Amino acid sequence: MVAFRKNSETKDERKLRWYNKLRDKYRLVILNENTFEERLSIKLTRLNVFVITGFLAIILIFLTTYLIAFTPLREYIPGYSNPSLEKNLYELMLKTDSIESALKSRDLYIANIKSLLSGEEVSFLGQPYLPADSAAREAYLAISNTKSRDDSLLRREYEKENLYNLKIDEKSGSKQDIPLSKFNFFTPVKGVITSHFDASKRHYGIDIATGQNEAIKAAYDGMVFFAEWTAETGNVIAIQHPGSVITVYKHNSVLLRKQGAFVRAGESIAIIGNTGTFTTGPHLHFELWINSAPVDPEKYLTF
């Protein structure tokens, strides 16, 4: 019992002695080395030093964490990325999707225009159009676009009766007597004139460069009297208009009207091309003939 009591007292004394050491006061004095004049004197204890050091360590850890979490300085720490990088990537992804959708819409638009011109089925988003309602879808699928025998015979008879007919209607009568000054020509295609009219060089028209697959329009109402392929000028279509006026369209890739067809001003009759041995690139060679003589189209039309 005595030994245990001595050990217990020894531990208490040690704790008391350690606590007293923490409470022991010290003085930190800063002196002038030459004059030994006291410049600064601070009373310290070990406990105060531990408390102040711990408080400063906590503040330093907090400031470091704040700088890393809420300032751009964390970009320089390995493992952290630019905070605006994900936002920029997301915006670029949206722009890429928009551009892709716009390109698909443009390609679909061009494909549908070609389908319309060639009489084929028009598709939507790459698939044939189908109504959302099931009953309407079945009715749509039941539609037949095939021409009946009676319909074909009626079309052939009508085209044969109206072949080479320039009359617009019975009330207005024929336009053969319209003076040339009353003509309001429709520009066949908008573009850049690369070669002008020059009768001395046997260049009886103008060359117009424009976008690829551009549709060519009829300059005025009239009847197609020539729509054939020639070795020198490729696919050629020529239209007879009232008042002894003829327009000729050369180097086309595709002809949309046949010989004997009646066309209106502004109606698509061909597609820009690069056919024939005399061609120098995709363009339209346009000629205007009045009273069997070639004239400069730039005097009558605006391109």
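The values are calculated or read from the model by the stated rules, or taken from the named source; none is laboratory data. Small disclaimer: the values here were computed from a predicted structure and weren't measured. Here Cβ is always computed from backbone atoms with ideal geometry, including for glycine, and neighbour counts include all displayed protein chains.
Summary table
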quantity	calculated
Residue list for region 200-213, filter: touching a residue at least 12 places away in the same chain (Cβ under 8 Å) and surrounded by 12 or more Cβ atoms within 10 Å (Cβ to Cβ)	TYR204, GLY205, ILE206, ASP207, ILE208, ALA209, THR210, ASN213
Qualifying residue in region 289-297 (condition: among the aromatic types (Phe, Trp, Tyr), within 20 Å of THR187 (Cβ to Cβ) and in a strand (DSSP E or B))	yes
Spans of strands (runs of 3 or more DSSP E) in region 221-282 with at least 1 residues touching a residue at least 12 places away in the same chain (Cβ under 8 Å) and over 37 Å from the mean Cα position of the chain (by Cα)	222-230, 234-241, 245-252
Exclusive hit being modelled with pLDDT of 75 or more, surrounded by 11 or more Cβ atoms within 10 Å (Cβ to Cβ), β-branched (Val, Ile, Thr) and outside the structural domain of ARG23 (by TED's automatic domain parsing), set ILE113, ILE52, ILE99	ILE113
